[in-house]
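See below for the structure under consideration.
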Amino acid sequence: MARSSSRLRPLIFAAVLWVGATGAAFGAGAELIASTEPGWPQFRGPRRDGVNDERGLLPAWPEGGPKLLWSIRGTGRGFSAPVISGGRLVITGDFEAELFVLAYSLEGKPLWRARNGAAWLNQYPGARASATFSGGRVYHENAHGRLACLDAASGREQWAVELLERFRGENITWGLSECLLADERAVYATPGGRDGLLVAFDKKSGELLWRSEPLAGERAAIDNAGYGSPILVRFAGRRLVIGCSERALYCADADTGKLQWTRPRPTAYSVIAMMPVLAGAGVFLSAPHGPPGQFHRLVAPARADEPVGVEDGWTAELDSCQGGVVCVADKLIGAYYAPRRGWAALEATTGRVLYEMSAFAKGAGLFADGRLYALCEDGWMLLLEPTATEFVVKGKFRLVTARDRDAWAHPVIHDGRLYLRYHDTLYCYDVRAGSLEL
């Protein structure tokens, strides 16, 4: 039987030494703050790190992949991954000129649908951001910066705000894609405007709690929002929001909004789409068409009135984009961007490449029960075991033939089920050990 993530309420790690999903650990001093919601309540999971704590999953797949339990059509065009909590699955999709947030039972039965503004009809059309469950509500930001709070049971809108209009921001080339961060009190968003880089709202009322100062980019221009989503970290007795603008990595105090530090991250197309990854006492970030990926070590302030500091560390050629990177068992695992091909495992303390696999296209990865679930952008779904020396392929199947190489939705695992999305269709597979005979 797979151990249920919905029955294991995610914890805020109390130790300063984080132990990874495989039991190995390295580094000390920083910890991810997990959602208190059950299940897989937000993009990349309870800790927003792409690591699932379930055990008892299939160690290998037969030819053709695991058993398909069900599939549903009608989820709209989009790249967002589903989120799951309280017996509901929520996904977003574009339908002609409108975006809808859709709720289903865990057997794929429709429960409700709610409109959240306009669809993205420019290049790479489709819904961008995943929704977020928190405190009986569902939060979502569309590609034009409309942030909506919906009742999780009915889908009724509770409050909404137009981020770009309110904070004098400008949309970015391929549309806002931030998957909102929420904690016990607030929901955080990155409008990147003249009136604030980062903002926090009371998640119940929608009242503005704080806004950070704007961030000046090249030639003193105000830096816009980035494409990635932030993480919530506890370090040196403080709660930190660490995320990206269009051209920088930033760190802000989650309780006040005060920027602690920024690091420039220029790229040829102003695209930072990777979510920062906590690795020991610092964060790793990469982006294509720019400088190498880099590790940034957090530095504790000497006095209570000083900001958290940062020191730039090692660099690596891994240039993951929207597929993200996972940190497990002292390794950072992700995919190269074009023109380089394939997947790589780095030593998380040095950035040294441990091994690579070039046989498959880049994609999005999820780590669970000692294996990497990798959905490649051309439609191949892989089960990889990252050993000490190589990726071992434990199974593969073709989900779809994505001729446009746009199978970009991240895989999700919940209660022994693997959920995969390709635009208008959502697939649910049984990946529990014992669910089939190999």
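Numbers below:
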{"read-out": "Cα-centre dipole for region 84-151 with unit charges at Cβ (Lys and Arg positive, Asp and Glu negative), debye to 20", "value": "140 debye"}
{"read-out": "Farthest positive-ward along region 115-209 dipole, Cα basis, beta-carbon charges - from 205, 122, 164", "value": "122"}
{"read-out": "Amide hydrogen neighbours beyond the local backbone of residue 99, cut-off 5 Å, H modeled", "value": "116, 117, 118, 119"}
{"read-out": "Sites residue 315 and residue 68 - FRET efficiency at Förster radius 30 Å, r taken between beta-carbons, to 0.05", "value": "0.10"}
{"read-out": "Efficiency of FRET between residue 401 and residue 194 - r from beta-carbon atoms, R0 60 angstrom, step 0.05", "value": "0.85"}
{"read-out": "Sparsely packed GluC sites (Glu not before Pro) within region 78-147, loop by DSSP, other Cβ within 10 Å at most 13", "value": "96, 107"}
{"read-out": "Charge dipole magnitude, Cβ of K and R +1, D and E -1 - region 278-382, Cα centre, debye nearest 20", "value": "200 debye"}
{"read-out": "Residue-wise HN-Hα coupling along region 192-202, computed from phi with Karplus coefficients 6.51, -1.76, 1.60 (Hz; x: Gly, Pro)", "value": "x, x, 5, 10, x, 5, 10, 9, 10, 10, 4"}
{"read-out": "Positive-end residue, the chain charge dipole about Cα centroid, Cβ charges, pick of 282, 233, 359", "value": "359"}
{"read-out": "Residue-normalised accessible area of region 63-160, expressed per residue, 1.4 Å probe, Å²", "value": "39 Å²"}
{"read-out": "Per-pair calculated FRET efficiency, R0 = 45 Å: residue 173 and residue 393 via Cβ, rounded to 0.05", "value": "0.80"}
{"read-out": "Accessible area (Å², per residue) of region 284-337, counting only protein heavy atoms and a probe of 1.4 Å", "value": "36 Å²"}
{"read-out": "Cα pair distances in region 116-186, grouped into 10 Å bins until the bin that holds the longest one, percent each", "value": "20, 51, 25, 3"}
{"read-out": "Spin-label model distance (nm) - residue 151 vs residue 36, 7 Å beyond Cα toward Cβ", "value": "2.3 nm"}
{"read-out": "Solvent-accessible area, 1.4 Å probe, carbon plus sulfur percent, for region 96-170", "value": "46 percent"}
{"read-out": "Size of region 321-388 as Cα extents on the principal axes (Å, biggest first)", "value": "31, 28, 20"}
{"read-out": "Assigned charges on the beta-carbon of Lys, Arg, Asp, Glu; the chain dipole about Cα centre (debye)", "value": "540 debye"}
{"read-out": "Fraction of accessible area attributable to carbon and sulfur, region 204-245 (%, probe 1.4 Å)", "value": "46 percent"}
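The values are calculated or read from the model by the stated rules, or taken from the named source; none is laboratory data. The structure presented is a predicted model; accordingly, all values stated were derived computationally and were not measured. Backbone-built Cβ (ideal geometry, glycine too); neighbour counts: all protein chains shown. Just the protein is used for accessible areas: all its heavy atoms, side chains included, with ligands, DNA and RNA removed. Shrake-Rupley method; radii C 1.70, N 1.55, O 1.52, S 1.80 Å.
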